[in-house]
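Colleague: I'd like to ask some things about the structure below.
A short reminder: the numbers here are calculations on the coordinates, not readings from a lab. What you are looking at is a predicted structure, and each value in this text was computed from that prediction instead of being measured. Counting neighbours? That spans all protein chains shown, and the Cβs are built from the backbone with ideal geometry, glycine included.
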């Protein structure tokens, strides 16, 4: 419980916009322990999503450090960072971000194909498929395997995205307004699933949300404003 | 190394995006067109080259002094380990006139640049040969087989094959002599003096072999049809040369086809001793020289181009050493140098064709580039997703590179398949087109050949395939690199 | 209006369309350049051949024909400006005391002849010949150095004997100079008293009167001129009224073929015997048809191959335009919502295709014309950088790469490219028109 899965240490992030540099994160410190759920609240443009991206190694911090399990990772080579992103964290986005050409099953399988050579994957493909099917069953989509994202409802799409994020058994889950695009009934279902899995697997969950109700269900709430964490 | 998802996603994209079919189609069409056009052209050129090759000897020692002696050169040349055989050739200009027939008045055949045809006037490039030695060089026998064949393919008639080389008596063979009875009949036909009884007729006429292009113009002759060979010779050296004219009566002994148009039109082959006698080097004279202008050389089979060139250089030195001091250097020409004018004209045309085909491939590469570029633009969000779930930039780029590769592979494979099929059925298709639409894509008349020559060389097909794929990879690398360098966060936010 | 506006916006904001344009440009460029090269080559060869030929030659006149009657019949034609008799024979030219070089190997002689020892001997009447060909100009060609130039009246006998005019290249190769004695050796068929004819050697002792030069090196190398009277005395003493060939100059070259046909009829009427017509009237083009056609055929073959480029360019256009439609699917919904008809939507994309094709064609034509005009410079640059000679100008005796840009061909290429461009624009435009606007608005 006290093991930190994800940690941001004095993270700064600036974006260049033309000649101007716009600071988005200005010295953020945040730690999420294994098994802990943290809600990240704040107004639009406060830097919540950026922090999530930086924490997930999707974006590099301009200054500061990112640590996974206490080990600094933001200075690793790009390939290792990509592998860590695959192994250590899972992303769930507001707009699901599924690949439209692939079926639900294929989208989930995709996560199995990361950080593995084509040949190695070929040897384990049957197992990978079975795992993906099991995972989709776990999120309640056992009869939607062959459907394309356009043929799925919003809630179903988000379930596929969650299944994909969990496929590589990550230590931490980074969810960026996972229910922001869903009606309240569907949102409740998705949240239930998310917390359920988090508890079951003992994951660290960092949840960006505008929903105070949802925030209250987390162990901890962190508010951001203008690129810093409010104490 | 790339990750397993790269080929997978590339493959899914290809299957789901019809636009890629267009790229595959473009590459296929280009590969097909290049293969077909080039195989026709290569077929044509290789036919020309093999014809020309068949008309030439391995090496030809030429540009000798006017009184060079064969025996002296022969010893020098045959001393070389790579030389298998040599044959003397005596080249001189002269005229050939059918006896007792009205000669054509000089007909100007038109001021055609390439086709100043002298055959109708009886002008001939007389080549004195030693048949037995020519046989050792090779070529002559095939020429004599091919001659009647070429005529038979175009005209009806009984084109008898030349018996000249089947003669067993060495002396008669050396004179290219026809059977005595043939000469008797020819004499009787022409109203010339002849024995009353065919059995008493002894042949006096040496034989002459004419090129099929000349026969095409003059018409076919009976065995031993008499001709008068007239030539002007010179005795003495430069400065005090004296012109003599000589004539000799020869009998038609057959038709040859070397495959080189210039040779088949201009050349008339006759026994070298006959020509030597006409040129004032009668073998009966004690001081006469067994004069030659060229020596044809056959090399050991299986020598590579470098070995032939080395042998040529050695022979040049040997011959120069054997020539009287102060003589200008001889030339040792390989088969290409023997036909340099014609082959270089063909090569220029081939160069032009290859330039055009290169442009075709370039535009086809554009098609691949355009489709992949668009794919990257449209798949920006996917690039972000792949990055978010752990794809390295390199593997993300590889998706697009593999996409381009697959397009090229499919296009090339289809193009190769269709190309091979259409090359195999080209003549049938050409025939069909002509029969149904009066349209001849490849006018055979132009090539003067029975069918459109088409030769799909596996090496060329492989070159085109590898070239097309390599080009595709190069142009695919640009969008792939662009994809790899994208910022995943911006990609995810892309709308 | 919105159609054109949108079409232009789409084009300008999408650089990939430049690629579609580039495909059209390249294909148009290649078609213009390569075909212009062949057309230019054909023109040059034609002009060379024509420069050394009379407009119409009436040949194969039979031995019994009367030259005066033939000439009168030919001059009777309204389009005939001049008629000259020509006697033809053949022979070998040699310098007494000099050994001529061995004839070249068949495969190593000049591509269009002229370096063989065999010659056509033309017996001409200089005054009449000047009337029908550029004979006077051939003798006065600026390339002929003064010491080789014919000084007296052409073919007038010199003190040492009758004169002969020799091609400039042959003069140089054989080291001949004006005033040199040469022997023309030929053969003549004489009756042998038994009804047959056998060749008899004839030698003419001649003096070199000077050099001539036409644009046609094959003609120069293969021909010598002597006075008609000389050839007649030496070779055809029995036929004082006969000329085997008549060279004709026409007034109006545009009706050359028709004139040749009239002359053919006129000649047949004059030299008819036993109901058979004799003599053939041929234009210079007909006499050289085989050679000229072979070049024209090569050009045709090249055109065929070049069209392949255009087909591949069409693929490229189709790809870029289709992708544009795919990408602008949401715009289609908006346009329809704003009141655009399917036809209007389609015309936006059609306009895009037409503008791309139009720009590509214009750029291709411009590039092609510029390359064509500076083709010689391009050839030199290519040879200098890569060592590859794109066109063997020495072989054809030219000082620059020939190139004839024919407006008709430009129009044909442009028309073909536009047709192809519009055709391939139709497919995506049609797809756009059929697209259900609701689908794109719903964002599915």
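Colleague: Taking N as the number of residues in chain C, what value does Rg over Cα atoms divided by 2.2 N^0.38 Å take?
Modeller: On the way: Rg = 32.2 Å, N = 444, 2.2 N^0.38 = 22.3 Å.
Its radius of gyration relative to the 2.2 N^0.38 Å reference: 1.44.
Colleague: Using the 10 angstrom Cβ neighbour count as an exposure proxy, how do A:103, A:4 rank, fewest first? Could the numbers behind the result be given before it?
Modeller: Numbers: A:103 20, A:4 17.
So the ranking, lowest neighbour count to highest, is A:4, A:103.
Colleague: Quick one: if the Förster radius is 41 Å, what FRET efficiency do residue C:152 and residue C:64 give, using the C-beta to C-beta distance and rounding to 0.05? Write down the numbers at each step before the final one.
Modeller: Details: r = 36 Å, r/R0 = 0.87.
Efficiency, rounded to the nearest 0.05: 0.70.
Colleague: If you fit an axis through the alpha-carbon atoms of helix B:340-378 and take the longest principal axis of the Cα set of chain B, what angle between them do you get, 0 to 90°, nearest 10?
Modeller: Once rounded, one gets 10 degrees.
Colleague: Let me ask something else about it. Kindly put A:22, B:137 in sequence by how many other C-beta atoms sit within 10 Å of each C-beta, fewest to most.
Modeller: Working: A:22 11, B:137 20.
The order, fewest Cβ neighbours first, is A:22, B:137.
Colleague: Between the range C:68-122 and the range B:1-66, how many Å separate their Cα centres?
Modeller: Between the Cα centres of the range C:68-122 and the range B:1-66 lies a distance of 47 Å.
Colleague: Continuing with the same structure: So how do A:184, C:146, C:109 line up by other beta-carbon neighbours within 10 Å, fewest first?
Modeller: Working: A:184 10, C:146 7, C:109 19.
Going from least to most buried by this count: C:146, A:184, C:109.
Colleague: Along Cα→Cβ, 7 Å out, is where each label goes; now give me the distance between the ones at residue A:153 and residue C:261 in nm to one decimal.
Modeller: 8.7
Colleague: Going by alpha carbons, how many degrees (0 to 90, nearest 10) lie between the helix axis of C:16-51 and the longest principal axis of chain C?
Modeller: With rounding to tens, the tilt is 10 degrees.
Colleague: Using a Förster distance of 30 Å, how high is the FRET efficiency between residue A:71 and residue A:17, based on the Cβ-Cβ distance and rounded to 0.05? Could the numbers behind the result be given before it?
Modeller: Details: r = 33 Å, r/R0 = 1.10.
It comes to 0.35.
Colleague: Which value in deg cm²/dmol, rounded to the nearest 500, describes the helix-derived mean residue ellipticity at 222 nm for chain C, given -39,500 (n - 2.57) per DSSP H run of n ≥ 4 and division by the residue count?
Modeller: -17000 deg cm²/dmol
Colleague: Let me ask something additional. For the protein assembly as shown, what proportion of DSSP beta bridges, expressed in % and rounded to the nearest 5, is antiparallel? Present the calculation step by step, with values, prior to reporting the outcome.
Modeller: Working: 98 of 136 bridges.
If I count the DSSP bridges inside the protein assembly as shown, around 70 percent turn out antiparallel.
Colleague: Just to confirm the number: angle between the C-alpha axis of helix B:426-437 and the first principal axis of chain B, 0 to 90 degrees, nearest 10?
Modeller: 90
Colleague: Please give, to one decimal in nm, the separation of the simple spin-label points placed at residue C:327 and residue A:29, each 7 Å out from Cα toward the Cβ.
Modeller: 4.8
Colleague: In nm, to one decimal, how far is the residue B:152 label point from the residue B:431 one, both placed 7 Å along Cα→Cβ?
Modeller: Each label point is offset 7 Å from its Cα along the Cβ direction, giving 2.0 nm.
Colleague: Over the range B:57-338, what is the mean sequence separation of C-alpha contacts under 8 Å (at least six apart), divided by residue count, expressed as relative contact order in percent? Please list the in-between numbers first.
Modeller: Values: 567 pairs, mean separation 97.1, N = 282.
Taking the mean separation of contacting Cα pairs over the length of the range B:57-338, I get 34 percent.
Colleague: Taking a quarter of the surface of the convex hull around the Cα atoms of the protein assembly as shown, what do you get in nm²?
Modeller: Values: hull surface 249.3 nm².
Averaged projected hull area, Cα only: 62.3 nm².
Colleague: Kindly provide the Kirkwood hydrodynamic radius of the range B:57-338 in Å, to one decimal, from all pairs of distinct alpha carbon atoms.
Modeller: Details: mean 1/r = 0.0502 Å⁻¹.
Hydrodynamic radius (Kirkwood, Cα only) of the range B:57-338 equals 19.9 Å.
Colleague: Related question: Using 0.36 nm times the number of residues separating residue B:306 and residue B:168, minus their current alpha carbon distance, what extension gain do you get?
Modeller: Difference between extended and current length: 45.8 nm.
Colleague: Only helical DSSP H runs with n ≥ 4 go in: add -39500 (n - 2.57) per run for chain A, normalise by residue count and round the 222 nm mean residue ellipticity to 500 deg cm²/dmol.
Modeller: Only helices count here, giving -11500 deg cm²/dmol.
Colleague: Related question: What whole-number distance in Å separates the alpha-carbon centres of the range A:156-231 and the range B:256-323?
Modeller: Each part reduced to its Cα centre gives a spacing of 96 Å.
Colleague: Tell me what chain B gives for mean residue ellipticity at 222 nm when only DSSP H runs of n ≥ 4 count, each as -39,500 (n - 2.57), the sum divided by the residue total, rounded to 500 deg cm²/dmol.
Modeller: Working: 19 runs with 267 residues, N = 495.
It comes out at -17500 deg cm²/dmol, rounded to the nearest 500.
Colleague: Rounded to the nearest 0.05, what FRET efficiency do residue A:219 and residue A:63 give with R0 = 25 Å and r taken as the Cβ-Cβ distance? Could you check?
Modeller: On the way: r = 29 Å, r/R0 = 1.14.
Calculated transfer efficiency: 0.30.
Colleague: Looking only at other chains, what is the average number of their beta-carbon atoms within 10 angstrom of each beta-carbon in C:300-308?
Modeller: Values: counts 2, 9, 4, 0, 3, 13, 3, 1, 13.
Average per residue, whole number: 5.
Colleague: Could you work out the relative contact order of chain B, using alpha carbon pairs under 8 angstrom and six or more residues apart, expressed as a whole percent? Walk me through the numbers on the way to the answer.
Modeller: On the way: 836 pairs, mean separation 138.3, N = 495.
Relative contact order of chain B: 28 percent.
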